[in-house]
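So the structure is just underneath, and the comments pick up after that.
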Amino acid sequence: MEVAVVNDLPRGFEGASVRLWVEGPGGWRSDLDSYTLDIPPDSVALVDRPPREAGLSVWRVPPDVPAGRYTVWAEVRDSAGELLGRNWQAIELVSLPLSREWWPSF
């Protein structure tokens with residue numbers, strides 16, 4: 001998955017930190033990823049996350065996580081720890097039967 005970190009300011013941020021986490025029903029919370037990067041001025045920094053060398057292309061949902069509404073958060077801070085930006089995306093996690101007979105034909 002490619003993560004885009006957008007900087008619309010005229011100055012860059014060396015050593016910025018990015019943190020991604022998810023929150024869900026009943027106070028459930030899990031860290032997804034964190035890393036540092038240099039963000040040039042007035043630019044978009046693209047990063048492959050998780051790293052391709054890790055052998056993963058998506059984050060996996062643990063099998064014991066209940067269905068429900070979850071919020072994925074992304075936060076960017078400068079090298080001193082000051083918050084530069086925070087975004088979120090709501091998602092709905094549903095349970096599907098695993099039997100092949102259930103799946104529709106396309």
Original post:
In the set PRO51, PRO66, PRO41, which member is of a type outside the set (Val, Ile, Thr), in contact with a Gly (Cβ under 8 Å, 6 or more places away or on another chain), surrounded by fewer than 12 Cβ atoms within 10 Å (Cβ to Cβ) and modelled with pLDDT under 90?
Top reply: PRO66
Original post:
Which one is surrounded by the most Cβ atoms within 10 Å (Cβ to Cβ), of the residues in the range 69-84 that are in contact (Cβ under 8 Å) with a residue 24 or more places away in the chain and aliphatic (A, V, I, L, M)?
Top reply: VAL76
Original post:
Considering the range 5-34 alone, what residues qualify as being under 15 Å from GLU82 (Cβ atoms) and either more than 17 Å from the chain's Cα centre (by Cα) or part of a loop (DSSP other than H, G, I, E, B) (or both)?
Top reply: ASN7, LEU9, ARG11, GLY12, PHE13, GLU14, GLY15
Subject >> Verdict on LEU46 being under 11 Å from the mean Cα position of the chain (by Cα) and hydrophobic (A, V, I, L, M, F, W, C) >> reply: no
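The values are calculated or read from the model by the stated rules, or taken from the named source; none is laboratory data. Since this is a predicted model, take the numbers as computed values, not measurements. FYI the Cβ positions are ideal-geometry reconstructions off the backbone, even for glycines, and counts take in every protein chain you see.
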